[in-house]
Ligand SMILES: [Zn+2]
């Protein structure tokens, strides 16, 4: 395994990777994807993962839109999908190792015609699972995901990652 961060594969992630909590390593997304994440549980997850948010250039977006028109995928791709592919395309052009993490067939299809690597969200992360819980800063009690203040001692809730060896529940 290389320790060189510059050669580390960059994962371009779509919203499903956040919903299924499959964000690992060097992960990047676009702001449109962050905007799609509305439920409490996923927002909690987002708050603790170190996903970088970057935007592709207008030229890249235009290019990807043209490609999507030629493959017919344009009708099935959202604006955030186009941006994700554009971002992956830019990174690959600049010499980075990159894969789009998605289960979306149209993204996979267009990525393939552009020579971009994709990885499935569902297949990802079978060996590594984390759980995200809210605990009280004061008494350490595990709190409901929607609670921000401990009902017992009144202290602030904090988010904690629980590492698990297997996918078996605690
Ligand atoms: Zn407490």
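The values are calculated or read from the model by the stated rules, or taken from the named source; none is laboratory data. Remember, predicted model here, so these are calculated numbers, not experimental data. With ideal geometry, Cβ positions are generated from the backbone for all residues, glycine too; neighbour counts draw on all protein chains shown.
Data for the structure
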| item | result |
| --- | --- |
| Residue that is nearest to the chain's Cα centre (by Cα), among those in segment 142-156 that are surrounded by 12 or more Cβ atoms within 10 Å (Cβ to Cβ) and either part of a loop (DSSP other than H, G, I, E, B) or within 7 Å of the ligand (Cβ to nearest atom) (or both) | 145 |
| Filtered residue count, segment 49-58, keeping only those that are over 17 Å from residue 132 (Cα atoms) and assigned to a loop (DSSP other than H, G, I, E, B) | 4 |
| Residue match in segment 86-93 (condition: under 17 Å from the mean Cα position of the chain (by Cα), under 22 Å from residue 20 (Cα atoms) and modelled with pLDDT of 95 or more) | yes |
| Residue, surrounded by the fewest Cβ atoms within 10 Å (Cβ to Cβ), within segment 93-118, restricted to residues that are closer than 13 Å to residue 11 by Cβ and out of contact with any helix residue (DSSP H, G or I) (no Cβ under 7 Å at 6 or more places or on another chain) | 117 |
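Yes/no matrix, rows are residues, columns are (1) assigned by TED's automatic domain parsing to the domain that holds residue 101; (2) in a helix (DSSP H, G or I); (3) within 19 Å of residue 114 (Cα to Cα):
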residue: 24; (1), (2), (3): yes, no, no
residue: 27; (1), (2), (3): yes, no, no
residue: 38; (1), (2), (3): yes, no, no
residue: 44; (1), (2), (3): yes, yes, no
residue: 47; (1), (2), (3): yes, yes, no
residue: 60; (1), (2), (3): yes, yes, yes
residue: 63; (1), (2), (3): yes, yes, yes
residue: 69; (1), (2), (3): yes, yes, yes
